[in-house]
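Q: Below: one structure in structure tokens.
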Amino acid sequence: MKHRVLLTGSTGYLGTHLVSRLLAEANVERIFCITRQKNPATFWSSLEASLKSNELSVDESNLKSKIEPVLFDLVKDRNSLLSALEPYKKTATAVHHLACETNYAVTVDTFKPWVEITKNFVEYCMDTQYPKELHSTGSYGHYLVDHKHSDEDFYWINGYFGYKKWLHNYIREKFLQGLKGVLFEPGYVVGPVDPGQLYMFWRIIRIFSALGYAFPYRMLVSPIDLVIDHYWLALNNPNQGPNILTPFIKKPFLLSQSVKDVIPDLKVIDFDQFRDKVMQVFPKRAKYFGPNMLNCLESVGKTLTDTLHPLYDYSKYEKMNQTEYLLTCRSFSESIKLGQEERNNYMKIKQQQKN
């Protein structure tokens, strides 16, 4: 089966890894990368920089022979998206829609453009004459919205997850109406190189290290290789798995224990005590820990199960040592180190105040 893929988000973390994988596969003939860059030269520079920052090597001969930049700003020009896609209606065989606003602590209204963009892609893929599979990226985090939360939980349960909740319900409805494809809902996508401190996931580990205290913090983790393998299986094996896949490690990571494995004198306390500690030492970071955060996380962890592609071989993760895996992620060690530096600086300031 030959593939000609229309791709958004090609220079993002997930998109760059998918580009690397698609370039390496012989049966991928063309990758149409929608980019907001204004000319091909800046697109190539951006893509090459993303590949380099993620330490991904590609065959240079494939790079420009397989990839065609499509110069189009999804947000600014969304009202003309379908017209812009018209030239690819006969040639593209699938759409991978990965692009999205990724900021936390913004309202769901921020994502209105992405609602319109997604609806346009769905209409494009459900064309009766030239139907295509739509592969889109959601997040398991949308389940957090279903649980009790207040305004104080806004940084954690925010517009981003509100949008992902809409995406889940909308795409699921469209699958029932005949849309073909897969919605992927991973946990935190991490790897040897990842977005680092842009992830709240790593910032919380940094705070554990800086404070010397932690609470029992469990999180669903999706290694980047696991996620990309699922995209590839879904593309090559249409209609052989569920329409919604949740590719993450089956057992939630107990991150507080992994930090304690590295910092043996770390004290694990209950969540309310931990929030008090944060308020005393790093009050500006209290926004990360809304009063209902832990209950939401634990509720989702108890009810959500992984749904993997039936052809995926999970055996390499069956006996995974969580701490050993995290130590292969540069951001884990970086977070510990940054936290220790903050702790040392804080202690110096306290000592100076005493003197």
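Q: Go through (1) more than 25 Å from P131 (Cβ to Cβ); (2) among the charged types (D, E, K, R); (3) more than 21 Å from the chain's Cα centre (by Cα) and name the single condition R4 misses.
A: That leaves (1) as the condition not met.
Q: Which one is nearest to Q280 (Cα to Cα) among residues in the stretch 209-230 that are of a type in the set (S, T, Y) and open to solvent by less than 10 Å² (accessible area, probe 1.4 Å)?
A: Checking each candidate, the answer is S209.
Residues are listed down the side, and each one gets a yes or a no for (1) in contact (Cβ under 8 Å) with a residue 40 or more places away in the chain; (2) of a type in the set (G, A, S); (3) closer than 26 Å to I228 by Cα:
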| site | (1), (2), (3) |
| --- | --- |
| T93 | yes, no, yes |
| A105 | yes, yes, no |
| S139 | yes, yes, yes |
| Y155 | yes, no, no |
| W166 | yes, no, yes |
| G178 | yes, yes, yes |
| V189 | yes, no, yes |
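Q: Further question on the same structure: Which residues, taken from the stretch 281-295, are in contact (Cβ under 8 Å) with a residue 12 or more places away in the chain and either hydrophobic (A, V, I, L, M, F, W, C) or in a helix (DSSP H, G or I) (or both)?
A: Listed by number, the residues that qualify are V281, F282, R285, K287, Y288, F289, M293, L294, N295.
Q: Next up: When you scan the stretch 255-278, how many residues do you find that are among the aliphatic types (A, V, I, L, M) and in a helix (DSSP H, G or I)?
A: Matching residues across the stretch 255-278 total 4.
Q: Hey, any hits in the stretch 124-134 for a residue that's in the same structural domain as I228 (by the TED database), under 19 Å from K76 (Cα atoms) and not basic (K, R)?
A: yes
Q: Do the conditions hold for E298, that is, is it free of Cβ contacts under 8 Å to residues at least 40 places away in the same chain and either closer than 27 Å to F184 by Cβ or within 23 Å of the chain's Cα centre (by Cα) (or both)?
A: For E298, the condition - free of Cβ contacts under 8 Å to residues at least 40 places away in the same chain and either closer than 27 Å to F184 by Cβ or within 23 Å of the chain's Cα centre (by Cα) (or both) - is not met.
Q: Now a separate question. For the stretch 264-275, check the following and say yes or no: at least one residue is at pLDDT 95 or above, open to solvent by 30 Å² or more (accessible area, probe 1.4 Å), among the hydrophobic types (A, V, I, L, M, F, W, C) and under 22 Å from the mean Cα position of the chain (by Cα).
A: no
Q: Now, a different point. Search the stretch 95-147 for residues being among the hydroxyl-bearing types (S, T, Y) and part of a helix (DSSP H, G or I), and hand back the single one that is surrounded by the fewest Cβ atoms within 10 Å (Cβ to Cβ).
A: Residue satisfying both the conditions and the ranking: T110.
Q: Could you please tell me which pairs satisfy a Cβ distance under 7 Å, a separation of 6+ or placement on different chains, a first residue in the stretch 60-81 that is farther than 16 Å from G15 by Cβ, and a second residue that is open to solvent by 60 Å² or more (accessible area, probe 1.4 Å) and in a helix (DSSP H, G or I)?
A: Final answer for the pair search is R78/E116.
Q: If we scan the stretch 47-67, do we find a residue that is over 21 Å from E123 (Cα atoms) and part of a strand (DSSP E or B)?
A: yes
Q: S83 - would you say it is hydroxyl-bearing (S, T, Y), at pLDDT below 95 and open to solvent by 60 Å² or more (accessible area, probe 1.4 Å)?
A: Judged against the criteria, S83 is not a match.
Q: Consider L71 carefully, then state whether it is among the aliphatic types (A, V, I, L, M), modelled with pLDDT of 95 or more, open to solvent by less than 50 Å² (accessible area, probe 1.4 Å) and in contact with a helix residue (DSSP H, G or I) (Cβ under 8 Å, 6 or more places away or on another chain).
A: Criteria not met by L71.
Q: Do you know which residues across the stretch 148-174 are under 22 Å from the mean Cα position of the chain (by Cα), surrounded by fewer than 19 Cβ atoms within 10 Å (Cβ to Cβ) and over 22 Å from F201 (Cβ atoms)?
A: Across the stretch 148-174, the qualifying residues are W166, N169, Y170, R172.
Q: Report every pair of residues separated by at least 6 positions or lying on different chains whose Cβ atoms are under 8 Å apart, first residue within the stretch 305-329 and assigned to a helix (DSSP H, G or I), second open to solvent by 50 Å² or more (accessible area, probe 1.4 Å) and charged (D, E, K, R).
A: As it stands, the answer is Y317/K250; Q322/K251; T323/D261, since those pairs meet every condition given.
Q: State whether one or more residues within the stretch 214-225 are in contact with a Gly (Cβ under 8 Å, 6 or more places away or on another chain) and basic (K, R).
A: yes
Q: Are any residues in the stretch 1-38 open to solvent by 20 Å² or more (accessible area, probe 1.4 Å) and assigned to a strand (DSSP E or B), and if so, which ones?
A: R4, E29, R30
The values are calculated or read from the model by the stated rules, or taken from the named source; none is laboratory data. Since we're looking at a predicted model, the values are computed, not measured. All Cβ positions, glycine included, derive from the backbone under ideal geometry; neighbour counts span all protein chains shown. Accessible surface is based on the protein model in full, side chains and every heavy atom, while ligands, DNA and RNA are left aside. Shrake-Rupley method; radii C 1.70, N 1.55, O 1.52, S 1.80 Å.
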